[in-house]
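Computed from the coordinates by the stated procedures, all read-outs in this text should not be read as laboratory data. Keep in mind it's a predicted model, so treat the numbers as computed, not measured. We place every Cβ from the backbone using ideal geometry, glycine too, and count neighbours over all the protein chains shown.
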Amino acid sequence: MTATRRNAAGLVVLALAVLVPPALGEYRTYVLCLMAIYAIGSIGLTVLVGHGGMISLGHAGLVCVGAYGASLLMIRADVSFWLALPLATAIGMLVGLALGYPFLKLDGPYLAIATFGFAVALPEVINRWSAFGVGDPALFGGALGLNPPSPAIGSLIINTSLRFWYVCLAVLVVAVLLARRILSSRWGQDLRAYRQSPPAASAYGVRTRRVRVWSFAVAGGYAGLCGALLAHHLGAVGTSSFSLTLSITFLMMVVIGGVESVAGAVVGAVAVVALQEWLTGQTSNLQLWYGVALLLAVMFLRGGVVGMVQARLRRLRHRDEAEHA
Amino acid sequence: MMQYVASGLVSGGIYATMAIGIVLIYRASGVINFAHGELATFGTFVVFACWSAGLPLPLALLIGLLVGAVASPCIEAFVLSGLRRRTHLTEVMATVALFLALNGLTLAVFGEETHEFPALVTGPPIEAFGLVMSRQSILVLVVVAGLTLIMAAMFRFTRLGAAMRAVSESRESAELAGLPVRRIVWSVWAVAGMAGVLAGVLIAPIVYLNVNMMIDVLTKALAGAVVGGLTSVSGAITAGLLLGVGESLVAGYVSTQLATPFVFLVLVLALVVRPQGLFGSAPKVKL
């Protein structure tokens, strides 16, 4: 697709996203919000996994950090929701950096295990916080979790899904545009060079250590932002929302959409949430169908949905050109 | 103190039995099999179903082990070989997908109830050296010791063991030397699958049989495998046992709440400080 066509397609989608939801009703809009929020998180994972070639089974842990960070800021420090969003992003980036440094030397399966450990350990630590005897034992709200207040613009309280949808949409648009910027920058090129071959990238002057660590920070930032929005969306923040399954779900979004594209991350989030909603009505055995869907996607959906569409368009164009010639 | 060490050795022995499977598969295929625990759960349920149907327990165990030995190589033969592009990412995703799918399959076939699982040996606990241990616990220790010896003997003295070592050293050279590489890799997966089911049968009487029984065990076995170096079977056994003892000591002297976080602390420290593990060889850089 040419740049102008792509922009036109983007604007059409955006117009639909603004105009259609008022006609959808509360529950469907609620689901739409979830799609947008997960899309933001999965963009972050696309940077790390798709462009950086690093495996993370711990993305839900970073989202958890964002959700708890934002909630604590709002409850304990009386920070407004609007300030909590960028602050949660910053916290996510910091934690991403803190993970990126120690994990610098780890690759492939080793990195998968390390991030897996992080994702499983973080909820355990939060659940058992009082046993550590550090700080306030009720810091994370114990078994009840945390209840962040609803955001407001002046006297307009964001307490319906429709109002929150416009917030999510605005944040998602900014997140998408920013991700495209980041990935088309010099840094994005360096990251892809690193994925192709770390030693070769290094030989061409890419500062591989820095690129790697920052890719964790970018993933963490997006995850933090996603977590802050998710905290409000869920209403109550507890560790059960950030299980290993959520980490796998994020990977699923990235793989189904197409690991390398920002649009793929959004498409993947929409597809996975839709699948989740549909399955919930059909069966209580979600993990079986999740596993089967993910397995089929890994085995047969090369390049994901977006990659397949792109390949189809390219083939059509070739045929057009052949017929005209 | 000694009582804590003894009970830690028992849970550590089960982690070690699982870790053996993870290491064998990693050596043969270069894959971390996140589905290993769920395969074990499925096999354990098969044992339970056969036993409930009236078969004697040893026969049920044999059937379960066979299921493990057949199902495990299928992962390599049908799923991993079916990947069009075999990268670390697709391999990890595939085994993670199987983790979910197998968990769901076990749930669909056997239901979500928790069952009491028969111990392989029964009888009053044995007292020796001032320790009190159930017969099942002693059996675990015997099995781990036996497995250690069998593994060591297999790698050192049998043709299959030598072939396994050759394949994990270099697939290409093993193929050039005329070894039936695919069959060897499948046998390794089969041995690993049996060890997994055995671990499941050993732990089921302790934690009760449930669909999600092995998730926690797999996490700890992964930690054991990594601390031991991922490529070393003896390292995984040693690390699995040490991890169990450490966990038990933390639970006994500090707080039961902190036992699991302790395992993760060890895992992360091991990865950061010594990624090649206590006994493994340094991970190779792929150019």
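Residue by residue, the stretch B:79-86 carries 3J(HN,Hα) couplings of 8, 5, 5, x, 5, 6, 10, 8 Hz when phi is fed to the Karplus relation 6.51 cos²θ - 1.76 cosθ + 1.60 (θ = phi - 60°); x denotes Gly or Pro. Among the chymotrypsin sites (Phe, Trp or Tyr not before Pro) within the stretch B:170-251, those in coil by DSSP and having at most 13 neighbouring Cβ atoms inside 10 Å are B:TYR208. Each of B:SER234, B:SER168, A:SER284 was scored by other Cβ atoms within 10 Å of its Cβ. Listed from fewest to most, they are A:SER284, B:SER234, B:SER168. Packing-based ranking of B:239-247, B:39-47 yields B:39-47, B:239-247, ordered from highest to lowest mean Cβ neighbour count within 10 Å.
Ranked for footprinting exposure by Cβ neighbours inside 10 Å, fewest first, B:ILE32, B:ILE138 give B:ILE138, B:ILE32.
Remark: the protein assembly as shown is approximated by an ellipsoid whose semi-axes, taken from the C-alpha gyration tensor as √(5λ), come to 42, 30, 23 Å, largest first. Can you give me the Rg/Rh ratio for the stretch B:145-194, using Cα atoms for both radii and the Kirkwood formula for Rh? Checking Rg against Rh, the ratio lands at 1.00.
Loop-located chymotrypsin sites (Phe, Trp or Tyr not before Pro) across the stretch A:184-285 with a Cβ neighbour count of 15 or fewer within 10 Å are A:TYR204, with loop assigned by DSSP.
Phi angles of the stretch B:54-68 translate, via the Karplus equation with coefficients 6.51, -1.76, 1.60 and θ = phi - 60°, into HN-Hα couplings of x, 6, x, 4, x, 5, 4, 4, 4, 4, x, 4, 4, 4, x Hz per residue; Gly and Pro are given as x. Just check the stretch A:76-179 against the gyration tensor rule for me: Cα atoms, a ≥ b ≥ c as the square roots of the eigenvalues, rounded for a/c under 1.5, and otherwise prolate or oblate depending on whether a/b exceeds b/c. It is oblate, given that a/c is not under 1.5 and a/b is not larger than b/c. Its relative contact order, with pairs defined as Cα atoms under 8 Å and 6+ residues apart, puts chain A at 32 percent.
Give the separation of the Cα centroids, the stretch B:1-15 to the stretch A:125-167, in Å. Each part reduced to its Cα centre gives a spacing of 40 Å. The relative contact order of chain B, computed from alpha carbon pairs under 8 Å that lie at least 6 residues apart in sequence, is 36 percent. Remark: A:LYS105, B:LYS220 ranked as A:LYS105, B:LYS220, counting other beta-carbon atoms within 10 Å and listing the fewest first. What's the whole-number percent of alpha carbon pairs in the stretch A:147-212 lying beyond 18 angstrom? Roughly 58 percent, once rounded to a whole number. Angle of helix B:181-207 to the longest C-alpha principal axis of chain B, folded into 0 to 90 degrees and rounded to 10: 10°.
Derived value for the stretch B:111-175: Kirkwood hydrodynamic radius 15.5 Å. Basis is the mean of 1/r over every pair of different alpha-carbon atoms.
In 5 Å bins starting at 0, how do the alpha-carbon pair distances of the stretch A:13-243 split up by percent? P(r) over the stretch A:13-243, rounded to whole percents: 1, 7, 14, 17, 18, 15, 12, 8, 5, 2, 1, 0.
Karplus-derived 3J(HN,Hα) values for the stretch B:248-257, using 6.51 cos²θ - 1.76 cosθ + 1.60 with θ = phi - 60°, are 5, 5, 4, 4, x, 9, 9, 5, 4, 5 Hz; glycine and proline are entered as x. With semi-axes defined as the square roots of five times the eigenvalues of the C-alpha gyration tensor, the equivalent ellipsoid of the stretch A:1-99 measures 28, 22, 13 Å, largest first.
For chain B, the mean projected area of the C-alpha convex hull, equal to one quarter of the hull surface, is 16.0 nm². Summary of the geometry: the stretch B:166-229 and the stretch A:244-319, compared by the centres of their Cα atoms, lie 29 Å apart.
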